[in-house]
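Heads up, the thing below is written out as structure tokens.
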């Protein structure tokens, strides 16, 4: 997979205190200041450190924080009536909506996931998604109709 310089520069803009040359030097063991001379592994480690927070010991702690934030969002998405088990395309379609997140689920940062969690909680408090409420109402009326038909056919008072 080729290096994605766009990702690096976008992450660098989000970290105004970071210096490109110092970062590259630290991830290449003082070998170079050029992104082009970095190995793919070094480059990906650098980008992951910028994305998930190198200052926090970017390995364990930040990944656990990301996992926790993703889990919290998935729980709320499931409460909204969107299946989350092996439904990554559906989750991505939901998250890609401009009104929800405007990004794929996997591309969301911890801060964006926290913001999305708050947004989803607001939607839940207001009654959920309109499409899901409509579908649930139709399912409920179909269920009640089936019960009524069963009662009529099984009743000793039926004609």
Note to self: Rounded to two decimals, what is the ratio between the C-alpha radius of gyration of the range 1-58 and 2.2 N^0.38 Å?
What the structure shows: 1.01
Checklist line | Shape call, the range 92-132: gyration tensor on alpha carbons, a/c limit 1.5 | finding: oblate
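Rule-based calculations on the coordinates, nothing more; no lab input. Everything quoted here is computed from the prediction, not taken from an experiment.
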